[in-house]
Amino acid sequence: KELQDPMEVKNKLLIILASIGNGKVVKFYTTISDQFSNPDQEVVRMALRSASKTLDSRFINAIIENLSRKENRLSATDALFSYGDSIIDILAETVIENKVDLEDARLIPSVIGKFNSRKAVKALMKLVTNTEHEVKISAIESLQKIKWDNNDIEIKDRHSNDIILDECDLYQNTLAAIHYQIVLQYKS
């Protein structure tokens, strides 16, 4: 509070955040939480990294909320990945139960896909069958990326193809309904 130079304040804050995260000093976790809304994005990114080092579940939602912020997306993704594969089920359930905004939910499959494991494939399959269109598409893309990157994880194309064909059918029916409404409006 006594420092006058804004750059010095910022540098001290960055050091403090790193120390809290590395030391897992529970007493000061609120300091990390407070910095998620800092206008300086460098401080927010350090808060994300520090939160991930604590592995405390109270930070997961705040980290997820930073996925849709383009300047913080990479840090938020890395922070969630740092929690290890135990977070895969938490992320999938968070999306399925609609506990996050759609903007964040559509980015979660790419975080899950980063784990490149059978557990990630199962979670992505759950997302493909139980979520909104945008999330489904993102989950399918993540599954495809896992398939390309990993020869030892088997993903059945038939299941993915069936889902894609269902989405195409839904899209075609939607276009037909819109066309029908336009024709009715034109006739009247």
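The values are calculated or read from the model by the stated rules, or taken from the named source; none is laboratory data. Because the structure is a prediction, the values reported are computed rather than measured. Cβ placement follows ideal geometry from the backbone for every residue including glycine, while neighbour counts extend to all protein chains displayed. Surface areas here come from the heavy atoms of the whole protein model, side chains and all, with no ligands, DNA or RNA. Shrake-Rupley method; radii C 1.70, N 1.55, O 1.52, S 1.80 Å.
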Can you show me the helix-derived [θ] at 222 nm for the chain, built from DSSP H runs with n ≥ 4 at -39,500 (n - 2.57) apiece and divided by the number of residues, rounded to the nearest 500. -22500 deg cm²/dmol
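Kindly state, to the nearest 0.05, the FRET efficiency for Asp34 paired with Tyr180, given R0 = 35 Å and r defined as their beta-carbon distance.
Details: r = 54 Å, r/R0 = 1.53.
Efficiency at R0 = 35 Å is approximately 0.05.
Could you sort 88-96, 3-11 so that the peptide with the highest average Cβ count within 10 Å comes first and the rest follow in order?
Details: 88-96: 19.3, 3-11: 10.6.
Put in order of decreasing packing, that is 88-96, 3-11.
To the nearest 20 debye, what charge dipole does the chain have about its Cα centre, counting +1 at the Cβ of each Lys and Arg and -1 at the Cβ of each Asp and Glu? Display every interim value, and only then the final one.
Working: 25 positive and 28 negative charges, 69 e Å.
That gives the chain a dipole magnitude of about 320 debye.
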Could you run the Karplus curve 6.51 cos²θ - 1.76 cosθ + 1.60 with θ = phi - 60° over segment 172-181 and give me ³J(HN,Hα) per residue in whole Hz, x for Gly and Pro? 5, 5, 5, 5, 5, 5, 5, 4, 4, 5
Does anyone have the angle between helix 73-82 and the longest principal axis of the chain? Alpha-carbon axes, 0 to 90°, nearest 10? 80 degrees
For segment 1-120, with all protein chains present and a 1.4 Å probe, just round the carbon and sulfur fraction of the accessible area to a whole percent. 51 percent
Once you put a point 7 Å from the Cα of Ile90 and another 7 Å from the Cα of Ile153, both along the Cβ direction, what distance in nm separates them? 2.0 nm
When the gyration tensor of the chain is built from Cα positions, what are the square roots of 5 times its three eigenvalues, in whole Å, from largest to smallest? 40, 22, 12
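Mind ordering 124-134, 68-78 by average Cβ neighbours within 10 Å, highest first?
On the way: 124-134: 18.2, 68-78: 16.4.
For the peptides 124-134, 68-78, the packing ranking is 124-134, 68-78.
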Run the reach check for Lys27 against lysines, Cα to Cα strictly under 28 Å, same-chain hits fewer than 8 apart removed. What comes back? Lys1, Lys10, Lys12, Lys53, Lys99
Spin-label pair His133/Ala18, simplified geometry with 7 Å Cα→Cβ offset, distance in nm: 4.6 nm
Which ³J(HN,Hα) values, rounded to whole Hz and listed in residue order, are derived for segment 38-55 from phi using the Karplus coefficients 6.51, -1.76 and 1.60 in 6.51 cos²θ - 1.76 cosθ + 1.60 with θ = phi - 60°, glycine and proline given as x? 5, x, 7, 5, 5, 5, 4, 4, 5, 4, 5, 5, 5, 4, 5, 6, 6, 6
Using Cα atoms only, what is the angle between the long axis of helix 6-23 and the major principal axis of the chain, expressed in degrees (0 to 90) to the nearest 10? 80 degrees
Of Leu14, Asn66, Ala76, whose Cα points farthest to the positive end of the dipole of the chain (charges on the beta-carbon: +1 Lys, Arg; -1 Asp, Glu; origin at the Cα centre)? Leu14
